[in-house]
Each structure stands twice: as C-alpha cells, then as structure tokens.
Amino acid sequence: MNYRHAFHAGNFADCMKHALLVWLLRMLTRKPTPIRVLDVHAGIGAYDLSGPEAVRTGEWHEGIARLLALNSGPLVDYLDVVRAAGAPRCYPGSPAIARALLRPIDTLVLNELHPEDHATLKRAFKGVAVHQRDAYECARALTPFPERRGLLLLDPPFEQGDEFARLAEGMATVWQRARGHVQAAWYPIKNMAPVIQFHQALRDAGLRDVVAAELWLREPTDATRLNGCGLVVVNPPWGFEAEGGAILAALSERLSDGEAGAGWRMHRVADE
Ligand SMILES: C[S@@+](CC[C@H](N)C(=O)[O-])C[C@H]1O[C@@H](n2cnc3c(N)ncnc32)[C@H](O)[C@@H]1O
C-alpha cells in the first residue's frame, strides 16, 4: 500500500468526486428517515494543504484553488462545505464532508486499511465507527444497512492492475445484498478501454439503474496519464443526470485548460 491521499487532496479528481458527493448526500437527507453512509476507502478524513505532501505535488492548485472564489452557480453548495471545513488551509475528505452533512439521526461508518492512515482517521473521528479491513470485505460484511437506506462510497487508489474488475465485483456483491442502496464509486480515466469494460462488467453482473458522471481535462487517449475521472452511481437520486451534469459543466469550465478533447458527460450505464 503505497498510495497516500495527502499528496492528492483537493486535486481536480477530489473536486469532482466531492462536489457530486455533496449533491448525493443533500438528496438522501431530504427524506425524514435516517440514512447510513459507509465510506470504505476513507483516507485520513481531512488534509492540511500547507503540509509537506500537498506542497510537494501542488495538485490542489489546479483543483480546489481554482474554485474557491466562486459564490454562485452549481458548485456553491460544495464550496460552502469546503470553506466551512477551513479551505484553503484544510481540505475535507469524504469522511469530513459526510460528517458535515449527516443529521443526528444518521450514521457514519468509516473504513481505512492503511495502518497509519487508519490511526489518524480514528483519532479525528471520535464517536464514529472506524474499521480497518479490506474495503470490499467491509462493504460485503456491513450491508445491507440496518436503516435500509443510505450510501456506500467506494474510492479505491487503483494501485493494482485488476482494480476495475475488483470494483465491479464488489459493487455486484453489494447489489445482490442491498438492491436499494445508493453506491457511488470513483474511477480514473486514462484511456477509455478499461472504462468501457468496467461499465460492461456492471451490466453483465445484472446491476440496474446505473449512471456514470465523467469529466476529462483532455482527450483520454494516453494510458499513462490521469486525463479525467468518473463517478459511477447505482440507484442515483432523482435529478442526478440534470443537476450532476450542471456540476460537471461548471467544473469543466474552471478546471480544464482548453486542451483538445476536454469535456464531460452523464452516461447511463444500465437502465432502471
Ligand atoms: C483515494 S483514497 C480515499 C480518499 C477519500 N475517499 C476521500 O475522498 O477523501 C483511497 C484510500 O483507500 C485506502 N486503501 C487502499 N487499499 C485499500 C483496501 N484494500 N481496503 C481499504 N482501504 C484501502 C488507501 O490507503 C487510501 O487512503
């Protein structure tokens, strides 16, 4: 396990994932019944953007730094959450975002396998269940949720060559156990071939009502570069395609540098 999210916090991929996560959590917490959020690749929860890791890569300068001055439009809800968490000094990870948006009736459950990051997360999230297990084993073991409603967030580091296949298999297992749960899974877009295969694997496993939100900073043809990323959502709340699309368009406008092939799409992977 070499991946440490502290090097990448607040980059364009985090902005995309977290802007859509904020929207998903807002929708899920509209109904008065409780929800559960299970974040199985949680990281350390929040990130110091003046720390040595963030300074070393500077990735957040091409991500959240380009958005923070915005005060209107589809990104404002996400940006208000990020600003309230202390940006630009501190950037909230998915656990901090979930903790900020959940109500007292809701439950947050976190999981992180890396020993040091798990210890940091546990210290920062007192009163929250923080597991240290393999993400896919954890997702299987902790679904269906007792509340019968909620969100599973899968955000693997893609360090292993077979991560797309493991992700599809993990999502299919949860689908079998908890058909109504919302699942959101982040993935990198370098070139399109593995993405097309991943979407096909989800269809082959029988998943229904799946939508992929995707953003590219440049044409995704170079398999050695992170050219874009996607968030595939199972059972997306109503309005995801339209409102998530507006979020992607706003991100694309601010985060792309006008390179050829930059863009975004909302793509239905499997029908309802
Ligand atoms: C992309 S980061 C997560 C970022 C976080 N979700 C956020 O948005 O703030 C992926 C995390 O997964 C952890 N990880 C890697 N392999 C894992 C596994 N098999 N099970 C659980 N966690 C794992 C890594 O240590 C890393 O902290």
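Every read-out reported here was derived from the displayed coordinates using simple, explicitly stated rules and does not represent laboratory data. Just so it is clear, the model here is predicted, and its values are computed rather than measured. No Cβ is skipped: glycine too gets one built from the backbone with ideal geometry, and neighbour counts run over all protein chains shown.
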Put one equal scatterer on each alpha carbon of the chain, apply the Debye formula with no solvent term, and list log10 I(q)/I(0) at q = 0.08, 0.14 1/Å to two decimals.
-0.28, -0.96
Pick out, in residue order, every one of the trypsin sites (Lys or Arg not before Pro) in the stretch 180-252 that is DSSP loop and has at most 15 other C-beta atoms within 10 Å; say none if there are none.
Arg208, Arg225
Kindly provide the Kirkwood hydrodynamic radius of the stretch 108-149 in Å, to one decimal, from all pairs of distinct alpha carbon atoms.
10.9 Å
Leaving out same-chain residues fewer than 8 places away, which lysines sit with a Cα under 22 Å from that of Lys17?
Lys190
Return the sequence-ordered ³J(HN,Hα) values of the stretch 114-126 in whole Hz as given by the Karplus equation 6.51 cos²θ - 1.76 cosθ + 1.60 applied to θ = phi - 60°, using x for Gly and Pro.
4, x, 5, 5, 4, 5, 5, 4, 5, 5, 7, 10, 5
In the Gaussian network model of the chain, springs joining C-alpha atoms below 10 Å, which of Glu169, Glu53, Glu116 carries the largest mean-square fluctuation?
Glu116
Spatial separation of Cα centroids for the stretch 89-135 and the stretch 234-252, in angstrom:
25 Å
Set of the stretch 219-241 residues, backbone N closer than 14 Å to the point 7 Å along the Cα-Cβ line of Arg179
235
Tell me the Kirkwood hydrodynamic radius of the stretch 163-206 in angstroms, computed as one over the mean inverse distance between distinct C-alpha pairs.
10.9 Å
Here, Ala242 and Asp80, labelled 7 Å along Cα→Cβ, have an inter-label distance in nm of 2.1 nm
Quick calc of log₁₀ I(q)/I(0), the stretch 118-217, Debye, one scatterer on every Cα, no solvent, q values 0.11, 0.17, 0.18 1/Å, result -0.38, -0.86, -0.94
Beyond 15 Å, what percent of the Cα pairs of the stretch 123-176 remain?
55 percent
Nearest 500 deg cm²/dmol is fine: what mean residue ellipticity at 222 nm does the chain get from its DSSP H runs of n ≥ 4 alone, each adding -39,500 (n - 2.57), divided by its residue count?
-10500 deg cm²/dmol
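Give the shape of the stretch 175-272 as rounded, prolate or oblate, defined through the alpha-carbon gyration tensor: a ≥ b ≥ c are the square roots of its eigenvalues, a/c under 1.5 means rounded, and otherwise the shape is prolate if a/b is larger than b/c and oblate if not.
In terms of gyration-tensor shape, oblate.
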Which is the longest part of the chain that has none of the chymotrypsin sites (Phe, Trp or Tyr not before Pro) sitting in a DSSP loop with at most 15 other Cβ atoms within 10 Å?
4-237
